[in-house]
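In what follows, a single structure is set out as structure tokens and then discussed.
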Amino acid sequence: MTAVVAALAGLTAAISPALGKPRVISYAGGTVTVDGVRGHETVVIKGKSKGKEAGMVAESVCDDRSGTYDELSGFFKKLKAAVKTGRAAAVVPLLRFPFRANGTALKMYADAAELTAHYDEVFTPSVLKRLTAAEAAIVYCSGGGGMLGDGVVWAHTDKGFTAADIVNL
């Protein structure tokens, strides 16, 4: 038994440095803690109330299907900046096709030209307001993607390229 405990302790000591330490990212409304390695990063979002930490808001795992926290958060910052330009030409290159718009009816856009022709129907004032108000540091991963804000936009990383797949109208 002692040999097994010693072997496990040695294994834990060997693995621990590879895992690193949890990172804490602060944003105006709280903190995000990212812990783990690529393919399995636990993301814990905590809010604040009256300047003090108010507890966990959400916890998720960014896996190989979604991309890393840094890839998704960095992408959401880039997408928010593109949206603020008010130009479809800045936003459309950040989308993956086919692109899905969920609203009263599901709409699929096959390519950049089709989406550009319908840009104002997809990126409505309501969507733009929700997107720009969302905090890019708050990434929630689920089902092979990461969401921004209340799920207004979903994205994932594939072969080093992060792009938005879905908008919820």
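Residue check: is ASP64 surrounded by 15 or more Cβ atoms within 10 Å (Cβ to Cβ) and at pLDDT 90 or above? In short, no.
Being surrounded by 13 or more Cβ atoms within 10 Å (Cβ to Cβ) and at positive phi: is that true of GLY86 here? So GLY86 does not fit the description; no.
Does LYS52 satisfy the condition of being closer than 20 Å to LYS21 by Cα, modelled with pLDDT under 95 and not polar (S, T, N, Q)? Full working, then the answer.
On the way: closer than 20 Å to LYS21 by Cα: no; modelled with pLDDT under 95: yes; not polar (S, T, N, Q): yes.
No; evaluated as a whole, the condition is false for this residue.
Just name the residue that is nearest to ALA28 (Cα to Cα) out of those in the range 124-136 that are out of contact with any helix residue (DSSP H, G or I) (no Cβ under 7 Å at 6 or more places or on another chain) and of a type outside the set (Lys, Arg). Taking the candidates together, the pick is GLU135. Of everything listed in (1) at pLDDT 95 or above; (2) of a type outside the set (Phe, Trp, Tyr); (3) closer than 26 Å to THR33 by Cα, the single unmet condition for ASP150 is (1).
With respect to (1) within 30 Å of ARG23 (Cβ to Cβ); (2) outside any helix (DSSP H, G or I), the lone exception for SER73 is condition (2).
Taking the condition under 24 Å from ILE45 (Cα atoms), modelled with pLDDT of 95 or more and of a type outside the set (Phe, Trp, Tyr), does ASP120 pass?
On the way: under 24 Å from ILE45 (Cα atoms): no; modelled with pLDDT of 95 or more: yes; of a type outside the set (Phe, Trp, Tyr): yes.
No.
Among residues of the range 20-31 that are under 13 Å from VAL43 (Cβ atoms), those with a beta-carbon under 9 Å from a residue that is modelled with pLDDT under 90 and surrounded by 12 or more Cβ atoms within 10 Å (Cβ to Cβ) at least six positions away or on a different chain give the pairs GLY30/GLY47; GLY30/LYS48; GLY30/ALA54; GLY30/VAL57; THR31/GLY47; THR31/LYS48. The number of residues in the range 58-70 being under 14 Å from LYS159 (Cα atoms) and outside any loop (DSSP other than H, G, I, E, B) comes to 1.
The values are calculated or read from the model by the stated rules, or taken from the named source; none is laboratory data. Note that the structure is predicted; figures quoted are calculated from it, not measured. Heads up, the Cβs are rebuilt from the backbone with ideal geometry, glycines too, and the neighbour counts pull from every protein chain shown.
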